[in-house]
Amino acid sequence: MNLVVLISGRGTNLEAIIRGINSKKIKGKISLVISNKKDAKGLKIAEKYGIKTEFIDPSLYKTREEYDLKLAERIKKENPDLVVLAGYMRILTDGFIDTFENRIINIHPSLIPAFQGLKAQKQALEFGAKFTGCTVHFVTKELDSGPIIVQAVVPVMPDDSEETLSERILHYEHRIYPQAIKWLSDGRVQVKNRHVIVKGAKYGGLPVNPELEDF
């Protein structure tokens, strides 16, 4: 499976995916990492592993549509099987999503459909939620609303800050994102309407998720 990864920041999920590839758990490669931020730390991580990187500057384009058209044209040159959003902090336009329909995945730091959009961890704290977590999902035109591949549940502690909760959620992001990509690279993921089934997986426990491997 050929991946193109889009980032905006520190690239910790990117590195977790790279480690999954390098350990041979994920059958694939990352052909390109693109950032909309010139100083994104994730670019340095990709370069450390010998992965091609590019910065595409949003300030050079008048509209989101123009930017995403350029982005899509660049990505198509890599002929990717999957476009992976790993901390990419721009909302994709409908045209971009149509170009890579059913081939874009994202990870969001909540149990969607709860706490969609920015600062999901802060939203959970302010709402008084007892549990939150993270979700890997297919990207659709509705923000943080696509079919769910896998989720991890994280309890909210009484003394949590936004920072401590975010770090605890991030630990599980680093497990479930490579896991979801492995299932996809193995051809085990089926989508029926909104329901995602992982072929051959054992389901059990609460929440009902396919069993995670050792990522």
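Since every read-out is calculated from the coordinates, none of them should be taken as a lab result. Computed from a predicted model, the values in this text were never measured in an experiment. When we count neighbours, we look across all protein chains shown, and the Cβ atoms used for this are built from the backbone with ideal geometry, even at glycine.
Mean shadow of segment 1-101, computed from the convex hull of its alpha carbons, in nm²?
Across all orientations, segment 1-101 yields a mean hull projection of 5.9 nm².
In square nanometres, what is the average projected area of the Cα convex hull of the chain?
11.9 nm²
Would you kindly calculate the translational diffusion coefficient of segment 106-215, applying Stokes-Einstein with the Kirkwood radius from alpha carbon pairs, for 4 °C and a viscosity of 1.567 mPa s, and quote it in µm² s⁻¹ without decimals?
90 µm²/s
Which listed residue (LEU184, ALA72, ALA129) has the Cα farthest towards the positive end of the charge dipole for the chain, taking +1 on Lys and Arg C-beta and -1 on Asp and Glu C-beta about the Cα centre?
Sorting the options by dipole projection puts first LEU184.
Could you give the dipole magnitude of the chain about its Cα centre, charging the beta-carbon of Lys and Arg +1 and that of Asp and Glu -1, in debye to the nearest 20?
640 debye
Given points 7 Å out from each Cα along the Cα-Cβ axis, report the SER145 to PHE131 separation in nanometres with one decimal.
For SER145 paired with PHE131, the spin-label model returns 2.5 nm.
Do the sum for the chain: with -39,500 (n - 2.57) for every DSSP H run of n ≥ 4, divided by all residues, what is the mean residue ellipticity at 222 nm, to the nearest 500 deg cm²/dmol?
One gets -10000 deg cm²/dmol as the mean residue ellipticity at 222 nm.
Among ALA86, ASN22, SER59, whose Cα projects farthest towards the positive end of the dipole of segment 1-101, with charges put on the beta-carbon of Lys, Arg (+1) and Asp, Glu (-1)?
Projecting each Cα onto the dipole axis, the largest value belongs to ASN22.
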